[in-house]
Structures are given as structure tokens and as C-alpha cells.
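Participant: Have a look at the structure that comes next, please.
The values are calculated or read from the model by the stated rules, or taken from the named source; none is laboratory data. The structure displayed is predicted, hence computed values, not measured ones. Note that each Cβ is placed from the backbone with ideal geometry, even for glycine, and that neighbours are counted across all protein chains shown. All accessible areas refer to the heavy atoms of the entire protein, side chains included, with ligands and DNA or RNA removed. Shrake-Rupley method; radii C 1.70, N 1.55, O 1.52, S 1.80 Å.
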Amino acid sequence: MNRDQIAQLPPLVDIPTAAEVLGIGRTLAYELVRTDRWPTTVLRMGKIIRIPTAALIRLLDDEPARPA
């Protein structure tokens, strides 16, 4: 996924989309989330899991996360 495609993503994405952004497989992505080793914030709403696009962009840009 290139920078322009990432910029077009909604504010929250599902795990397969986040995995594509990071260039990893979907199985690995789910495993990282399940074991709390995913490198960004993970939002859980019941069975729904979403990843903030801004956090993915910061990770790709290697910017430090801002304190909440």
C-alpha cells in the first residue's frame, strides 16, 4: 500500500487493512493483536477490533507517540 492509498483510509481500519499497511500477513496481525503485541493502539468494541490510521502513519513515519 502506498502513501496516497494510506492517506485515503478512514480514521479507523480493520486488522487486515492495518496488516496491509504494515506489509505483514493477516494471520500474524491477528496473532499480534491477540497477544497484545500489536505496535499501535487497538480499539476493541465488543467483537469489533479497529486500528487508528493516524497511529499507523506515525509508526511508518517513525514518530514517537504523543502522550494522551
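Participant: With respect to the numbered conditions (1) out of contact with any strand residue (DSSP E or B) (no Cβ under 9 Å at 6 or more places or on another chain); (2) exposed (fewer than 12 other Cβ atoms within 10 Å of the Cβ); (3) not hydroxyl-bearing (Ser, Thr, Tyr), which one is the sole condition not fulfilled by Pro11?
Facilitator: Pro11 satisfies all of (1) out of contact with any strand residue (DSSP E or B) (no Cβ under 9 Å at 6 or more places or on another chain); (2) exposed (fewer than 12 other Cβ atoms within 10 Å of the Cβ); (3) not hydroxyl-bearing (Ser, Thr, Tyr) except (1).
Participant: Quick one: how many residues across the range 14-24 are small (Gly, Ala, Ser) and open to solvent by 40 Å² or more (accessible area, probe 1.4 Å)?
Facilitator: Quick first cut of the range 14-24, residues small (Gly, Ala, Ser) only: 18-19, 23.
Subset that is open to solvent by 40 Å² or more (accessible area, probe 1.4 Å): 23.
Adding up the residues that qualify gives 1.
Participant: Moving on to the next point. So which residues in the range 36-54 are open to solvent by 50 Å² or more (accessible area, probe 1.4 Å) and not small (Gly, Ala, Ser)? Step through it out loud before you land on a result.
Facilitator: Of all residues in the range 36-54, those open to solvent by 50 Å² or more (accessible area, probe 1.4 Å) come to 36-37, 39, 41, 43-48, 50, 54.
Listed by number, the residues that qualify are Asp36, Arg37, Pro39, Thr41, Leu43, Arg44, Met45, Lys47, Ile48, Arg50.
Participant: Let me ask something else about it. The conditions are (1) open to solvent by 70 Å² or more (accessible area, probe 1.4 Å); (2) in contact with a helix residue (DSSP H, G or I) (Cβ under 9 Å, 6 or more places away or on another chain); (3) not in a helix (DSSP H, G or I), and Leu28 fails exactly one of them. Which is it?
Facilitator: Result: Leu28 fails condition (3) only.
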